[in-house]
Every structure is written in C-alpha cells, then in structure tokens.
Amino acid sequence: MRLITLFIFSILITITISATAQGKSSAKSTKSAADAQQESDAEFKKNLSEMYRRIIRSIQALREQIASNQNVPFLPNLYYQLADLLSQKANVEYYIQKENEGSYDTTTANAGKQYSQVIVSKKEAIDIYKKILDEFPSFAQKADTMYGLALTQYSIDESAEFINNTKKLVAAYPGSEQAIRGQLLMGQYYFDQRMYREASTYLTTVSSAPFIYERNVARYRLGLLALINSQFKESLMRFEQVVTDVDLKESDSPFEVSLKQKSVKSSLKREALIDSIRAYTEVYQQDATPIEYYSRIAPTEAMFQEVIEKLAYRYIYLKRYKFAIKILRTLSERTILPEKVINVYQEVLLMIPLEDRIDLPVEEIRYLLEVYNRWRSFYEISAEFQKQSYNFFEKQVRDLGTRAHLYIKQNAGSIAGSKGKLTAEKVDYYTEKSIDYYKLYLSFFGKSENAVKIATNLADVYFQKKQYMQSGDYYLRTYLGEFGKPIEARKLIENALLCLQKDADYSFYELLRVKGLLIHALESYMAIDGRFKNDPKLNFILVKSVYEQGLYEEALASFIEFMKRFPKTNYAVDAGELILDYFNTKSDYDGLVTWASKILDAKIANSKFNKKVAAIQKQARLKKLQSHVESSTEFDSFAQGKSYLQTAMNIEDSALMNIALQKALSNSKKEKDMDTFFATAKVLAEKESDPNKRADILMSVAQENLRLTRFFAAYEAYKEIYDTSKIPLKTRTNAYLQVVSIALNLRDWPHLNEFLGHSLKSKISRNMLVAISEQVSDYLDSPHEVEDTILEVIEKIGMTDAILLGMYKAQDRLGKSEANNTIEKTAKICSKRISGVLCGWNHLKNLDEFNRKFISAISTSSATLPNIEKSAGAFTKLIEGHSKLEQANDPHLSIMVAMRLSGLFAAFGNFLKKGSLLNQEARQILIQKAQESINTANGYKQKCAKIINATGAVTPANKLCLSGNFTTTDDGKFWNESALQEGEVEEINPSKFSTQEKDIFATNKENIAPVREMARAYYDKKHYNYALATALFGSANSGAGGDFSTIIGCSALHLGYYNEASFHLKRATGYPDIKNSCMAALKKIQLGE
C-alpha cells in the first residue's frame, strides 16, 4: 500500500499551492511568520475545498452524460475523462486528509485505514481504465489509457498488475511518450524496492529519450543511484545534466496538478541542485570552488542561494567550518533579506563547537554584526525578538573573546585548564584572537553590562603581549567610565600609570600618544587625593611628559615653575638639565643665554649645578658671536646647493660669498638641481668683473644648456656671449658658430636665417658653409614647400652648384620669377660645359625636346624602309645623347635617363614592328631588330628599378619607374606639389623631460647613454626636430654614430628629408623596434605608395 504522497514523490508531481495574499512588506517593518503561516493555511484549505467541489460536480456531470449516451461514438472519451477526474479526486482527498491531520509527513503506517476513501477513488479509476481497454479496443487514446491504468495501480501498491500492464504498454507502443513514462515508472518502482540494477536499466533507457521532462527525471534518479553507490563523479554529472538542461522548464511536467495558493512546490532542477551537494563535496575535497561552480549551473538566483545555504551546512557537517562561513558570506552578500542572513548565521554558529568556532575569521563575525546592526536600525522588530538576537550575538562575541583569553591564561599557568602547553605560535594566535574579539565586542556592545569586564580583559591581554600603550589606554578609558561604571577604579588607574611608564620601542608618534595618555592618567590619579598635588615626583613626571610630548613652550615654562616650587629636590636639577639639553640640541645659543638666566633666577639649592649653568651661558654668548654667518642661514641637507645660494645672496663679504657660490654650484650638480645650478652660474657671471672669466662662465652655461638639449636656452646664452663686445673675439666667434650649428641640426631655418644676418657671418668656415649648402639642397630636393625663409638663407650664404641643383629640381615649387631665374642660370652655366649633375639635368631637358619630336614623327609616319633608315639615324643620335648621362652621380638623373632610354627603345621597336608588316622582303630582319629594341627597352626598365633598390633613393621618378608606364617625357622630373610644409621649431618646456635631463646633468660627457635616451624620448613624443638635433650632437660628440643613426634617420623621415633618412637608416644599429617601422615607411615612399 503506497500513500498518494509517496506516489506523487515517485513520479515527481509538481504541486504548486501559493498564498493569494503574500503579506505586504515594508522597508521598516517585518510580519510575524506564525501569522503569515496561519493565513496561508486557511487560504489553502479554502482552495482545496473549492477544488474538491468542482471535481465532484464534474464527476457527477460525466456520470450523467455516460448514462444518457451509451451509444455515442465518444463514449470511451467520457469514460477516460471520468477515470482521470477520479484520480484527481483522490489527490485532493489526500491533501484534505493531510490538512486535517496538520502534517505532510509521508509515512505509510496505517495508510489503508486513514486513506480508505483515496484508495476507493483510485480503484474505481482502475476499473474504468480496464473497462475502456476491454470494451473499446480501438480507442484512439488507448496508450494514454494503458499508462493511466499502470500509474494508478502503481500509486496503490498493486505491484504485480502494474508491472504486467507497463510491460504491455511498452511492447504495444515502443518509443511512444506513454511507453517512456511507463519505463520511467518501472525505474522508479525498482528504485523504491532497492533493486538498483533493474532500476538503472530502465532509467538509462529513459535518460536519452526525446521527452524533456521524462529524460531529466531519469537522469535525476540515476544521479541518486550513483550517490547511493558512492559513484560521486557520475552522480554529480547526472545532477548537472538536469540542472543545466535549457530545454527543461518546470511547466514541462506532464504530471503537474495546479493547486494554487500554497507553496509546497517540488522543482526537479531544485532537487537535483540540492542532491548534488554531497556529490560535489566528495568529488572536490581539495581545490573546491563551489561559488563559481553553482553560479554557473544554478538556473535562478533563488536556487543558487538555497543550494549555497545547504552547502554551508554540509561543510559544517564535514567540520570545514571556515569554508562554510566563507560561502555563507557570499550568500549573505547576494541576498537583500538581512533577517535571513541573521537566522542562518545563528543556526550555523550554534552548530559549530565553541572550541572550533573561535578559529573562524574575525572579519566574518564583524560582517555579521554589521548586517545585524543594519537590520536592527532599518526594520521595526518586536522587543522580544530584538532582545533575543542582541543577547545571542553579545554572548557569541563575548564567548569567543573570553575563550581565547582563557587559553592564554591556562598556558601561562595563572589558572588551571586542560588545553595543555601551547606553542609560541599558538599563544600569539589566541592573543590576537582575544584582542580582535574583545575590540569587536566593544565596538558593538560597548554599553552592555559586561563591557567593563571585557575592556579590562582587553587591557590585560595587551599587557601580556607587552603592548603597554594599548594596555594603558584601555585601563584609562575603563577608569574614565567609557564602558560603564568602573569596578575597582583605583586599581584601574594605577595599572594605567604602570603601563604608560614602561619602556618600549615606540615610534615618534606612538611616543607622543603615550605621553599624552600618561598626562591624562596622572591628572586623573592626582585628582583622587589632594596630597598627590604636592608630590614632587608626580609633578615632575607630569611636566616631563608634557615636554616629551613635544609641547616645549608650555613644558619649559612649567619646568621653571617646578624648580621654584621644589628648589631643594633633585628633580629641580633634572628639570634644569632638560631645559639646557633642549637648547643645546638645537644649537640655539640665543635660547641658551636667555633660559640659563631663568634657571639661575630659580635659585636651586645646588651650587655645582648653578656653576655649570653659568659656564654654559658664557660659552653660548661666545658661540653666538662666532657663528653669526652660520646662524643666519637655514641649512637644508637635502638641497645644499640651494641653501648655499640663499646664504651667498645674504652675505656682504665678497670672498665668503664666492666660496658659498662655488659650493652652491658643485652641490647643485651632485643633487641634479639644474635650476639652482643655472641660477648660481648667472649670479657668478653678474658678480664677475673680469670679461674673460665672465665669458668662461657664460660659455659653461651655454654648453651645459646644449648638453641638456635646451637648444633655445643655449641660443640665448651663446647670443649673450657673441653680442657682448667686451668679450674676446675668439670666444664670441665660437659662440656664434655654435648657434649656427644648433640651428642647422634642428633644421630651424628661421633662426638660422636670423643668425646668418649677423656681422660674424664672415667667420663661418668653408666646411660649415658647405654643410649649410648641402642641407639647403637636401631641403629643396625633398617635397617641402619652398618658403621665403629658405630663399633668404640662400641669398645670405650665396648660390652654390648644390643649391642651384636643388633649385632646379624645385622649380615647380618656386614662384615664377625664381623658377625662370633658376632655369636661366642653369642654361648659362651649362652653355659652356655639360659635365656635372646640374648640366646633366639641363642636357636631359634639351634631349626631351628631341624625344618628343622623334616619338611624334615615328608614330605618325609610314614605316617604309626609307623612313626607317631616316629614323634610325635620329634614334642613334638620341641614344648617344642619353648614354652620356648614364653615369651621372645622381640616382634621380640616372633613373630618368633609364626611363627615357626605355621609352625610346620601346617606341623604335614598335616602329620596326609596324615596318615588318609593310616590307615583306625585309620582314625577318625588321622583326629581329624590333625584338632586340624592345628587349633593350625592358632592360632599361629593370635598370631604373635596380637603381632605386641599390641606392635607396626617394625621388618623384620612383613611382613612374616602378609602374613601367612611361607616358610622357616630363613625368618624374620634379616634385611638382608640396607634400610637406615644415613648421617653425618651437621651444620645448624642459619640465616635460626632467627625468632625462637629470640623467644627462648628473653624468659625465663621455657617457652617451642618457643623451641617446633623451633623443628617443623626444622622438616618442613626436618632437622630431629636437630628436634629430639631439642625436646629431650625440653622434658627433661620441663617435658612436650607429647608436644614434636610427633616431637621426627616423626623425629625418618624419621631417620629409627622405634621402637623408635613407642614408642614416642603412647604417643604423640601435632601436630595432622603431628602425623596422621607419624602414617599412620609407620603403612605401620609395615605391611611391
């Protein structure tokens, strides 16, 4: 005999009965759980009664329909509905009976007697199912009828007939939904009978069925089987399959009876989650991460919280208390119900023995109390429950602190105990635990009746730990009544004084605090008895504590008053010594003179000490006179250069001032204090009357600015030198040449133009003029806009072949007047000679006129033999004219010549091909010569590409050459558009690169590494002019060209000096990261991309 509850559990019926009115929640109130349950029970009974009445009426109506419709074709349907209603009636009767009993216990004892009406309804349903099968063998819902019969027989323990009918169903309708459900019933039946092998056979079959709910019920049962057999990994896998099956919805249950208004719902996923707990803890005994695991698989937050709560209980059962508390913390952080958190923690804490509870992390208990405080502050709670919860938590924290303290006392032997001798580590452990829990107690329960005792205990623990400041602090606070009315008050204050006078390794601020506490304790102690106010020892200790706390002005005056009150005591001498020591330590000779007089005026009864004070006063007066210079400056040991400079500015003695300035200069150099260094040098220069020495100082400042790559500051420093007529000419010339060099390296054309306008321009060497000329030529040979500044520079240094060549190539970017003037100058020069690159370009210009005429003539004339012979002569002359230019020392010109020759040979070859069609007698020879000409044209195509690859030249002809399509004679000659516009070089704020500057400043000139890093820093910040100049100066001064070539080449590339970039990048050895990217960028430009 099997109760309907067991039946429902076996087939996992989901019964949902939820209260219609869920008690209204408020942010500031809670409702009694008993009241809510009472309302829910009443509503549930009401709904059961209503459902029962409806089923009875439906059964009665069906019986009447069956009686009056015995010959209708849908008669079996009526019988089937009747059987189904009878089963529902039995279910409701079962719940009514359980409600009357007031229990949902599933025991089967005396079930037949108690639930006879349920069984009667079920048996009637069985009879009707049999009647349908016997009398209506062709009924469309025969499979459903067979399943209903088997299910009902199973529910009332008619096992043999249930098994027989289920097997018939499976045999008659294999694979059907009804058959799968029957096999599921069989698996559950054998499971209940503990015939696990047979159960596994049926359940395994169903677990792979296409029916969502049935297969998951089977998987769940297989998980239970694996759990029974200690196959924990298999069990966990089965449960996880159920929980993570996205197709499974609770509404999928074909067995669900929707009895609303009371929540006793059984969720398959929930059951699988709960039952997976044991399997999980067995599988993951080490390295368990349950939060991550269940966060991943739990279908809802509610289920996640429930499983984590039960998992915590499991870990408590396993005595893994810290782990249990840890995961409860996660649960509590994810729930908005503080009452739930508190109730769970209360239950959990009571489950953990006190000796194990003490090992829980204090942070967890603190967190729990914070939640409790929030709950108590924001919700209206009954006074009884509030008192109960307060007492519970107060006792928990008190017990944890006192138990740890007890272990310490037992170990010390001050009380008897059974804990045994503890290791030093354990003593420290329990000491920290007791301190933490006592402090936690006082934070939350500082006004309780036990707070005074707990505070005293805490002071005691700190004393045992030799933390005297903390011990004295708590003794004093307890005495002052912070935690309630003190017990044995005098003992408390005496303990505080004892602690606060003990020596310990205090930090400066701890010492100040100790002395402050001691002052408070002394004043409190002296207030107990009037006699203590006249005790010299207590008064001296009080004043000394004020002194040691750093309140010197107050303490010094109090020492004098003390000496006057107690002049005959040794404490008066001690007070005087402290005053003298204070001023002597400070080297305050003014103070020593003044306060020595005050000590002598106190008339201490100790002649030896009075003589000592008089001698010190005399020495102080002498020191005051002797150290006038030193005492007039505020010396800073961490900025000595700056201190020496400030001193020098306030000294009238010139010799002493110069020494101070020299010290400021040398110390600021060591301290990397550049501002002080330059400020000192400026003062030295201003104070120096000798022009030669002044020039040396200014030159040093300028060179130091240049070394630091403060190029604009170097400009100003050098300009001050070469514009000062009193400075020797040689020094002025050197300064002038330096600014020209700086401007040239910076590609600072405006400043270079300005400097070239100076009268010292005549001192520029030939080599430097050549360098300027070549740099101007390189500018013109790059796709820069030709600005007026460049033309003014050219005018000032004079026209050279290199500049004229650059102007010639830049003619398309010049104004009309400058372009015509350039062409005329070139023609005039080359009228007398054709050698040289410039005249080579001029010769190419002239040849281009003949090229155009020749190509035009052969493209329009008939390719007769006479015309071919005539054209061959002109062709030969053109080839000879171009061949003279092939060895030009200019890659651009060589590329142009190769393209022109390729074009000529190709045009003449095509002309010969055309002639082979018109002259049959010479056809073969013409074809041969045409092919030779075309081959030569292809050879010149390849040659121009080889020149580009070999030289790395970047010219406007590159793209045309590499395309192989030479359409006109003018293409590729010049940059006909300004691709780049070079802006003015702007001064950079040194503070942006202070770290690199300090590294250069602090090292010697031979160390090039800081300079290289400065160049890289400029480059990374896209200050390409500064990066280029820094690298050029570094390379010139160190000889380590390869180390700087990468920065030089990449900076030149970004500034548009492509051929200069190519030259340096080929030789570069450093910074492979930026070198590779620059080479790639340059390659694209070379290819015309």
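Overview of values
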read-out	value
Förster radius 60 Å - calculated FRET efficiency between Ser159 and Ala383, Cβ distance, rounded to 0.05	0.55
FRET efficiency, 1/(1 + (r/R0)^6) with R0 56 Å, evaluated for Lys466 and Tyr196 via beta carbons	0.30
0 to 90° range, to nearest 10: angle between helix 196-207 axis and the chain longest Cα axis	50 degrees
Protection proxy ranking, peptides 309-316, 944-951, 214-221, average beta carbon neighbours within 10 Å, highest first	214-221, 309-316, 944-951
C-alpha long axis of helix 552-565 to longest principal axis of the chain, angle in °	70 degrees
Quotient of Cα Rg and 2.2 N^0.38 Å for segment 140-242, N being how many residues it contains	1.06
Nearby lysines by direct alpha-carbon distance to Lys693 (threshold 22 angstrom, same-chain neighbours under 8 apart not counted)	Lys663, Lys669, Lys682, Lys719, Lys726, Lys730
Potential lengthening between Leu917 and Ala1036 on full extension [0.36 nm per residue; Cα-Cα distance subtracted]	36.2 nm
Segment 756-872 - charge dipole about Cα centre, Lys and Arg +1 at Cβ, Asp and Glu -1, debye rounded to 20	480 debye
C-alpha center-to-center spacing [segment 886-915, segment 519-568] in angstrom	110 Å
For segment 885-893, Karplus couplings with θ = phi - 60° (6.51, -1.76, 1.60), whole Hz, Gly/Pro x	9, 5, 9, 4, 7, 8, x, 4, 5
Per principal axis, descending, Cα span of segment 990-1086 in whole Å	42, 27, 20
Length gained when the stretch Leu512-Ile66 is fully extended (0.36 nm per residue, less Cα-Cα span)	150.4 nm
Listed pairs Lys439/Lys465; Lys670/Lys1005; Lys946/Lys1022 exceeding 22 Å between Cα atoms	Lys946/Lys1022
Separation in nanometres of the label points that stand 7 Å from Cα toward Cβ, at Lys168 and Lys959	9.4 nm
Mean projected area in nm² (Cα convex hull; one quarter of hull surface) for segment 894-972	5.0 nm²
Whole-number percent relative contact order across the chain, with pairs defined as alpha carbons under 8 Å at least 6 apart	5 percent
Quarter of the Cα convex hull surface for segment 526-588, i.e. its orientation-mean projected area (nm²)	4.4 nm²
Lysine pairs meeting the criterion (Cα under 18 Å, 8 or more apart or interchain), as found in segment 115-235	10
Normalised convex hull volume, the chain, alpha-carbon set, Å³ per residue	370 Å³
Neighbour-count order for Ser87, Ser668, Ser859, fewest beta carbons within 10 angstrom listed first	Ser859, Ser87, Ser668
Projected label distance in nm at Tyr52 and Thr1003, using a 7 Å step from Cα toward the beta-carbon	9.8 nm
Unpaired by the 4.7 Å Cβ criterion, cysteines found in the chain	Cys499
Sequence-separation-based contact order of segment 827-963, relative, with Cα cut under 8 Å and 6+ spacing, percent	24 percent
Rotationally averaged projected area of segment 376-507 (alpha carbon convex hull; nm²)	10.2 nm²
Point-charge dipole on Cβ atoms (K/R +1, D/E -1) for segment 990-1086, about Cα centre, debye to 20	280 debye
Karplus 3J(HN,Hα) series, Hz, for segment 489-504 with 6.51 cos²θ - 1.76 cosθ + 1.60 (x for Gly, Pro)	4, 5, 5, 5, 5, 5, 4, 4, 4, 4, 5, 6, 9, 7, 6, 7
Hits among lysines - C-alpha to C-alpha of Lys603 under 22 Å, sequence gap 8 or more where chains match	Lys537, Lys544, Lys564, Lys568, Lys611, Lys612, Lys618
Gain in span if fully extended, Glu987 to Ile212, counting 0.36 nm per residue against the direct Cα distance	271.3 nm
Sorted by Cβ density within 10 Å, fewest first, the residues Val170, Val242, Val770	Val770, Val170, Val242
Over segment 827-963, equivalent-ellipsoid semi-axes from the Cα gyration tensor in Å	30, 18, 11
Modelled FRET efficiency - R0 45 Å, Glu1089 with Ser759, Cβ distances, 0.05 increments	0.40
Translational D in µm²/s for segment 336-443 (Stokes-Einstein at 4 °C, 1.567 mPa s, Kirkwood Rh from C-alpha pairs)	87 µm²/s
Total charge dipole magnitude, segment 827-963, about the Cα centre, Cβ charges on Lys, Arg, Asp, Glu only, Debye to nearest 20	220 debye
Stokes-Einstein diffusion coefficient of segment 284-335, Kirkwood radius over Cα pairs, 4 °C, 1.567 mPa s, in µm²/s	118 µm²/s
Percentage relative contact order, segment 284-335, counting C-alpha pairs under 8 Å, at least six apart	33 percent
Inter-probe distance in nm under a simple model that places probes 7 Å from Cα toward Cβ, at Asn343 and Met799	10.4 nm
Cα extents of segment 781-849 along the three principal axes, largest first (Å)	33, 23, 20
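No lab work stands behind these numbers, since they all come straight from the coordinates. What you see is a predicted model, and the numbers here were worked out from it, not measured in a lab. Glycine also receives a Cβ, built like all others from the backbone with ideal geometry; neighbour counts cover every protein chain displayed.
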